[in-house]
Amino acid sequence: MPNITEILANESGLQYEGVEDFRTDTGAYPDIGLIVGRFKRGCYNKPMTITKTNQRAMLGYDPRNPHYAAIQDALETGVSSVQVLRIAEILE
């Protein structure tokens, strides 16, 4: 289970505060983004291209997962697709 906190500081874990864009200029978002995380579905051996239309099918629906939420936010802000690399959960 990842350690999720509002202020990461020197702790190991995941810090996620949503997507905020304070730029005043208008321009195109980058075409390529990469997110590494844990998901319900997907292959482990290579990155997957995730779009709005295939997000649930490729990753499984998991709205409480911060990795899933980061992808959803990126796609909603105008990024056409995100490269996603699924990693295995380490059992201790």
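The table below lists the values:
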{"item": "Cβ-defined net charge surrounding Leu59, 9 Å radius [Lys, Arg +1; Asp, Glu -1]", "result": "+3"}
{"item": "Highest-first arrangement of 60-73, 39-52, where packing means the average Cβ count within 10 Å", "result": "60-73, 39-52"}
{"item": "Total formal charge among the other residues, if their Cβ is under 13 angstrom from that of Leu85, Lys/Arg +1 and Asp/Glu -1", "result": "+3"}
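Bear in mind that the values in this text are calculations on the coordinates, not laboratory data. Everything quoted here is computed from the prediction, not taken from an experiment. As a convention, Cβ positions derive from the backbone with ideal geometry for all residues, glycine included, and neighbour counts pool all protein chains shown.
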